[in-house]
Amino acid sequence: QWLSDRKKRALQKKDVDIRRRIELIQDFEMPTVSTKIKVSRDGQYIMAVGTYKPRIRCFDTYQLSQKFERCLDSEVVTFEILSDDYSKIVFLQCGRFVEFHSQHGHYYRTRIPKFGRDFSYHYPSCDLYFVGASSEVYRLNLEQGRFLNSLQTDAAESNVCDINPVHYLFAMGTAEGKVECWDPRSRNRVGLLDCALSIVTADTEIDGLPSISALKFDGTLNVAVGTSTGQVLLYDLRSSNPLIVKDHHYGLPIKSIQFQHQLDLIISADSRIIKMWNKDTGKIFTSMEPEYDINDVCLYPNSGMLMTANEAPKMNIYYIPILGPAPKWCSFLDSLTEELEENPESTVYDDYKFVTRKDLENLGLAHLIGSSLLRAYMHGFFMDIRLYHKAKTMANPFAYEEYRREKIRQKIEETRAQRVQLKKLPKVNKELALKLMEEEGEEQQVTRKRKQKNLPNLLKDDRFKVMFENPDFQVDEQSEEFRLLNPLVSKISEKRKRKLKILEELEAREQEEEEEPEGKASDAESSESSDDEKGWVEEVRKQRKLLRQEEKVKRQERFKEDQQTLLKPQFFEIKEGEEFRSFKDSAKKQKLMKETLGDRLKLEEKLGTLNVSDTTVGSKQATFKLKKSEQQKKQQEAEKRHRQERKTLRRSASHLRSKRGRGRRFH
């Protein structure tokens, strides 16, 4: 797409696959994603909706190019072409909008009460039936231009709907896994199919209650129902039991159902696969798995062409000649497929053997060249594998001896592969690498005897490669942790250490001589028997005794260092305005800060600085009292003393006045 025309032409000259590609309709794509695709009744126009931005594109098949493009205000859930061409279109959009388009463009826009998911057009009465997130089915009459009384159903929500093209029976699929059938003339329900119970069979596994995700009528009596769990049920309207149940085995909702009448096929699709199967027997005819997820499938009428709307910009077009002829506007596809049939490409099968002319001469089958038993391909021929085995046993009676020699050679190669490769010993953790090599050899012997799968090797695993390259990962066998966890490793690895020493000597000698190792097994390896339990117990006690002695020596050294160290005085600075009390207060503050908020609140409530009370509404109200500094406390105490002194002065002054008044009255 980003190449220039000149580079495309240059690429077409070099690449054979690009030269073989056929672009039926120019720019048959969407900017980001295509959601729905339909064909007009006259077969001349293909319409598709997608994003982003929400838009509709109309393609003219007679011109093999795009006719027009219109952008919309919101994404389209589904749409319907009411006329034979593109002159009358109805869109159901995400925001409960129903938009009508005529030949010139936007015509009218209205809204339905609830979010819609699907709708159908009833041609005799010019009614639009909308189903969605409601128990009602809304009816909009296009002749009168007004909403009619809605149909009240028993379902909580409805996902899909369809109208039979013969007797105009209206059917809707609900979220509860049921299909309700209504007669538009009497506006009464005439039937109910419980598809959720019919799905459960011996072969199916269902998690939860399935809902109806696709619905399609075929003729007068047949209806196909797709569920959200990936099953397709074919019903006869005269029976409540399905004629056949087909499972996609992906657990994905069925997106589309189409009928192909020439071969009696049903084309069902979920987001991953398109399956074509016989509606009488359920036998798979073929299946297609596109690269991207499928949103919708459209079968071009009376042809073998199939179009899909995908989660990708490019919309796919498939042509299957056995389903029907090519449409009139691309009739050249038939001649192309005939040419491909005249020059078929041979396919390699598992039951065929490829042999050259020399192989045929060795088998004595050179006289079969040109017959139907051999099929020429490249520099040789394909022949039936059974014929090849019979001819080989007759031409080579000593095949068993060759087989025996081959098996012996394989055994020898396996034993050679088990030998220790000196040059592969790493520089870090050599003992661990040698241990892993020995364990690998033992495991290979066990797996060969038991016919089990080989376990992965740590030396060949990239995740543990650094452990044998970086010196930081060197195992310290003298550390306390290693000796406590592995008290017997020293005794177990004695034999391995001797072997490692011999290998290092051999490696140094080979570097001097600059010769490759012959892979001989060392004779220095002693065959020692395993020790008894008494020896193991003594070794464990010995290790523990050594650890205690080392710990005692370390304590003595630490004690000597403590005696030699001199304690120096430390000075602390107190902030201005604060009074030093003791180090206990700071320790209490640090301890209090480490506690949780709930514990601190409880402590504050006990001290009286916090008050928690319930309000009338049901919530809680907390009142805090801030802690005061030392200066504030001193200032409050001084003010308190000042107020007490003034009170005492007032009392004494009033007492003196009362005494003077009594004396005057006496005089």
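Would you mind calculating the gained length between ILE408 and LEU656 on full extension (0.36 nm times residue separation, minus the Cα-Cα distance), in nm to one decimal?
Difference between extended and current length: 75.8 nm.
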Whose amide H sits under 5 Å from the amide H of GLY191, counting only residues 5 or more places off or on another chain, with H placed in the peptide plane? CYS181
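Work the Kirkwood hydrodynamic radius out for the stretch 210-369: mean of 1/r over every pair of different alpha-carbon atoms, inverted, in Å.
18.3 Å
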Test of understanding: what is the full-extension gain from GLU311 to ILE244, defined as 0.36 nm times their sequence separation minus their Cα-Cα distance? 21.1 nm
Could you tell me the calculated FRET efficiency between ASN278 and ILE320, based on Cβ-Cβ distance and R0 = 22 angstrom, to the nearest 0.05? 0.90
Taking amide hydrogens as modeled 1.01 Å from N in the peptide plane, which residues meet the under 5 Å criterion relative to PHE68, leaving out close sequence neighbours? CYS58
Sorting check: for 149-156, 208-215, 103-110, which peptide has the highest mean count of neighbouring beta carbons within 10 Å, and how do the rest follow? 208-215, 149-156, 103-110
Provide the gained length on full extension for the span ASN188 to GLU361, in nm with one decimal, where the gain is 0.36 nm per separating residue minus the Cα-Cα distance. 54.2 nm
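Hey, can you rank 636-642, 138-144, 243-249 by average C-beta count inside 10 Å, highest first?
Most protected by this proxy first, the peptides run 243-249, 138-144, 636-642.
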Rounded if a/c is under 1.5, else prolate if a/b beats b/c, else oblate: with a ≥ b ≥ c from the C-alpha gyration tensor eigenvalues square-rooted, which is the stretch 217-308? oblate
With every protein chain left in place and a probe of 1.4 Å, what is the accessible surface of PHE115, to the nearest 10 Å²? 120 Å²
Excluding LEU360 itself, what net charge comes from residues whose Cβ is under 13 Å from its Cβ, given Lys and Arg +1 and Asp and Glu -1? +3
Please work out whether the stretch 22-342 counts as rounded, prolate or oblate from its C-alpha gyration tensor, where a ≥ b ≥ c are the square roots of the eigenvalues and a/c under 1.5 means rounded, while otherwise a/b larger than b/c means prolate and anything else oblate? oblate
What ranking, highest mean first, results for peptides 301-307, 371-377, 216-222 when packing means the other Cβ atoms within 10 Å averaged over each residue? 301-307, 216-222, 371-377
Dividing the mean separation of Cα pairs under 8 Å (6+ apart) by the residue count of the stretch 347-409 yields a relative contact order in percent of 36 percent
For the stretch 287-303, in residue order, the Karplus 3J(HN,Hα) values (coefficients 6.51, -1.76, 1.60; θ = phi - 60°; whole Hz; Gly and Pro = x) are 8, 9, 10, x, 6, 10, 5, 9, 9, 7, 10, 10, 9, 5, x, 6, 8
State, as an integer percentage, the relative contact order of the stretch 22-342 based on alpha-carbon contacts under 8 Å between residues 6 or more apart. 11 percent
With label points set 7 Å from each Cα along the Cα-to-Cβ direction at LYS552 and TYR168, the distance between them in nm comes to 10.9 nm
Karplus-derived 3J(HN,Hα), 6.51/-1.76/1.60, for each residue of the stretch 103-111, Hz, glycine and proline x: 5, 8, x, 5, 10, 7, 9, 9, 10
Answer rounded, prolate or oblate for the stretch 152-264, using the Cα gyration tensor with square roots of eigenvalues a ≥ b ≥ c: rounded when a/c is under 1.5, else prolate when a/b is larger than b/c, else oblate. oblate
Just to confirm, what accessible area per residue do you get for the stretch 22-342 at 1.4 Å probe, in whole Å²? 46 Å²
Tally up the carbon and sulfur contribution to the accessible surface of the stretch 22-342 as a whole percent, 1.4 Å probe, everything protein left in place. 46 percent
Between ASN149 and GLN26, the two model label points (7 Å from Cα along the beta-carbon direction) sit apart by a distance in nm of 5.6 nm
Along the Cα→Cβ direction, 7 angstrom out, place labels at LYS634 and ALA133. What is the inter-label distance in nm? 6.9 nm
Radius 9 Å from Cβ of MET47, net charge of other residues (Lys, Arg +1; Asp, Glu -1): +3
With r as the distance between the Cβ atoms of GLU80 and PHE115 and R0 = 22 Å, compute the FRET efficiency 1/(1 + (r/R0)^6) and round to 0.05. 0.80
Within the stretch 261-288, name every residue whose backbone N is under 20 Å away from a label modeled 7 Å from Cα of ASP236 along the Cβ vector. 261, 264-266, 278-283
Roll a 1.4 Å probe over the protein chains and send me the accessible area per residue for the stretch 347-409 in Å². 80 Å²
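How would TYR168, TYR352 line up by accessible area, probe 1.4 Å, largest first? Let's see the in-between values first.
On the way: TYR168 75, TYR352 95 Å².
I get TYR352, TYR168, largest accessible area first.
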Search the structure for amide H atoms under 5 Å from the amide H of ARG96, placed 1.01 Å from N in the peptide plane, and list their residues when 5 or more places away or on another chain. GLY116
Accessible area of the stretch 347-409 belonging to carbon and sulfur atoms, whole % at 1.4 Å probe: 55 percent
Most to least accessible of VAL39, VAL98, VAL190 (protein chains only, probe 1.4 Å): VAL190, VAL39, VAL98
Quick calc, GLU561 & LYS594: beta-carbon distance into FRET formula, R0 30 Å, rounding 0.05, result 0.40
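The values are calculated or read from the model by the stated rules, or taken from the named source; none is laboratory data. Note that this is a predicted model, so its numbers are computed, not measured. Heads up, the Cβs are rebuilt from the backbone with ideal geometry, glycines too, and the neighbour counts pull from every protein chain shown. Keep in mind that these areas ignore ligands, DNA and RNA; they rest on the heavy atoms of the full protein, side chains included. Shrake-Rupley method; radii C 1.70, N 1.55, O 1.52, S 1.80 Å.
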